[in-house]
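Step one of this worksheet: look at the structure below.
Laboratory data are not the source of any read-out in this text; all were calculated from the coordinates shown. Worth saying up front: this structure is predicted, and the values here are computed from it rather than measured. No Cβ is skipped: glycine too gets one built from the backbone with ideal geometry, and neighbour counts run over all protein chains shown.
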Amino acid sequence: MHARKPADGDADGGVPRAREGARAVLDGNEINRALTRIAHEVLERTKGGEDVTLLGIPSRGVPLARRLARRIERVEEMSVPVGSLDITMYRDDLRSSPVRALGRTEIPTGGLDDRVVVLIDDVLFSGRTVRAALDALGDLGRPRAVQLAVLVDRGHRELPIRADYVGKNLPTSLRENVTVCLEETDGEDAVLLSPSRPSPSTTLNRRPSAEDPSSPSPSTTLNRRPSAEDPSSPSPSTTEGND
Amino acid sequence: MRHLLSTGDLSRDEATLILDTATELAQVGDRSVKKLPTLRGRTVVNLFYEDSTRTRTSFELAAKRLSADVINFSAKGSSVSKGESLKDTALTLQAMGADGVVIRHSASGAAHRLANWVDGSVLNAGDGTHEHPTQALLDAFTMRSRLGRLEGLRVAVVGDILHSRVARSNVLLLTTLGAHVTLVAPPTLLPVSVHTWPCEVSYDLDTVLPKADVVMMLRVQAERMHESFFPSTREYSRNYGLDAERLARMPEDAIVMHPGPMVRGMEISAEVADSPRCTVTEQVANGVSLRMAVLYLLLSGS
């Protein structure tokens, strides 16, 4: 019964150490500008943001949702309900990975019925997190519409899902990792792109080569990557929480 | 960890993880759809060799809220009444592919034995006078949500310790979580080995009460008593029963707990049982969330 803590288990989690070969694709200012633009887009698309409820997906989506709400409030001088939506119990890969600790679900008072719910996550990848979030929403109420805002869209969708608001489109290879660091959770704002993730046990003394599909030993399940050549492992990408 | 057999097996982190998970799952009871898809396609067998309403329905509801399939199997009216042994019953369940077995048995250690025979997870729902881990966990959960903490909490467990599986599980768990437990009972109702337990022992309820944050009253288990342990129920009640007068001498924010079923007028007076400081119904509600947490942590994942 060793559950992974959301903070250090998710691939977007962990300490934002300057990983070898990691390259910052967005710095703090750029993240802020992207969020400000998304805030305006949300207001525009929802005609003033009257019925909007923002729901962040733990862990990085929650601080992003709060920041977005602050910006919308600043622009329109109205308060926006913000909450969080944990999707752990709705994941499609629960059986194939170790037990996960649950994140927090907080639905703002007033509920979700007839609201325009904007889901917020850090990275859109396979789309499986969003699929799970849509299932979770269905059990919580009946929103009038559901939209999706992400800070980074890195491509490689495995489901017919797209984002309504995107901070940055980032073409990536499946061998690369996208890590979003936020001041609230990691102490600094940055979006990092790094080459294939080494497994934690080998982080220190081994640089993964491109030919090595990241040593798929069972003990590295936490961080295993889908390799492009291996279509038989369709979902591990979602274990990364990066989608 | 694959099974939940004893609270003594739980580390502080594991126990805290269960409580934290239960906190999140408690919200499910307030939603419009009180169901999560998490254990869809998994089978949980409730194997009850002893009568139980509360625990069995609680486990059943918890499993159903997680979308597991639940099979209730009670000793009465089953192959057990025809003489089948626990092992053969276990192998039958095994053959049917049970992912989790919740067992209550009158013999101490039954859950441990079962854990060696089946591949699925075994959850001890009470074995003889040994342990009842989910009860202790839900008690700790209730204390934490009522009082905000467990560390340093002073808990008095009062009554029939000798026949109580709840007492042992609570002593082990609460000690792990940093609370201080004092057992209060007449000497005849304490197990001989009680000095090896990580807790204090007192024979005098009135000296313990003013210093207790939580007092947990236990039922006198007459059905397990084959000799007399105290002169009369009236004398027991006078010395070890909780009435309004004793309640008034407890700290103001102290709570009264009872694992149920209560015998009003024996270990607890009706007045105390109905007071808002008594958490009995809260414990039942928390039991469902807690058991959901345990089922989730044991049965999901690989």
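Of B:His105, A:His40, B:His132, the sequence from fewest to most neighbouring Cβ atoms within 10 angstrom is A:His40, B:His105, B:His132.
Which of the aspartates and glutamates could a cross-linker bridge to A:Lys47, judged by Cα under 18 Å and excluding same-chain residues fewer than eight apart? Cα-Cα hits under 18 Å: A:Glu73, A:Glu76, A:Glu77, A:Asp114, A:Asp164.
Placing unit charges on each Cβ (+1 for Lys and Arg, -1 for Asp and Glu) gives the protein assembly as shown a dipole about its Cα centre, and among B:Val166, A:Pro81, B:Leu298 the Cα reaching farthest toward its positive end belongs to B:Leu298. Is segment A:21-199 best put as rounded, prolate or oblate by its Cα gyration tensor, with a ≥ b ≥ c the root eigenvalues, rounded for a/c under 1.5, and otherwise prolate when a/b is larger than b/c, oblate when not? Taking the square roots of the gyration eigenvalues as a ≥ b ≥ c, segment A:21-199 is oblate.
Label zone of B:Glu252 (point 7 Å out along Cα→Cβ, amide N under 19 Å): in segment B:104-146 this covers B:146.
Using +1 at the Cβ of each Lys and Arg and -1 at the Cβ of each Asp and Glu in the protein assembly as shown, identify which of B:Leu177, B:Leu205, B:Ala63 lies farthest towards the dipole's positive end. Result: B:Ala63.
For the pair B:Arg149 and A:Glu183, label points projected 7 Å from Cα toward Cβ lie 3.2 nm apart. Dipole orientation for segment B:133-279: of the candidates B:Gly148, B:His226, B:Leu247, B:Gly148 has the Cα lying most toward the positive pole (charges on Cβ; Lys, Arg +1; Asp, Glu -1).
If you take the alpha carbon atoms of segment B:145-233 and fit the smallest convex hull around them, that volume is 104 Å³ per residue. Scaled against 2.2 N^0.38 Å for its residue count N, the alpha carbon radius of gyration of the protein assembly as shown is 1.11. Taking the Cα centre of segment A:21-199 as reference, the dipole from Cβ charges on Lys and Arg (+1) and Asp and Glu (-1) amounts to some 460 debye. Over the residues of chain B, the helix contribution to mean residue ellipticity at 222 nm works out to -11000 deg cm²/dmol, using -39500 (n - 2.57) for each DSSP H run of at least 4. By the count of other C-beta atoms within 10 Å, a proxy for reagent exposure, A:Leu174, B:Leu138, A:Leu102 are ordered fewest to most as A:Leu174, A:Leu102, B:Leu138. Within the straight-line cut-off of under 19 Å between alpha carbons, the lysines reachable from B:Lys34 are B:Lys64, sequence neighbours fewer than 8 places apart in one chain being disregarded. The magnitude of the dipole of segment A:110-187, with charges of +1 and -1 set on the Cβ of Lys/Arg and Asp/Glu and taken from the Cα centre, is near 380 debye.
With R₀ set to 25 Å, the beta-carbon distance separating A:Ser173 from A:Asp92 gives a calculated FRET efficiency near 0.55.
Taken about its Cα centre, segment B:133-279 carries a charge dipole of about 280 debye when Lys and Arg each add +1 at the Cβ and Asp and Glu each add -1 at the Cβ. Each of B:Glu223, A:Glu106, A:Glu77 was scored by other Cβ atoms within 10 Å of its Cβ. Arranged with the fewest first, they read A:Glu77, B:Glu223, A:Glu106.
Cross-link reach is defined here as a Cα-Cα straight distance under 18 Å, omitting same-chain residues fewer than 8 places apart; for A:Lys168 none of the lysines meet it.
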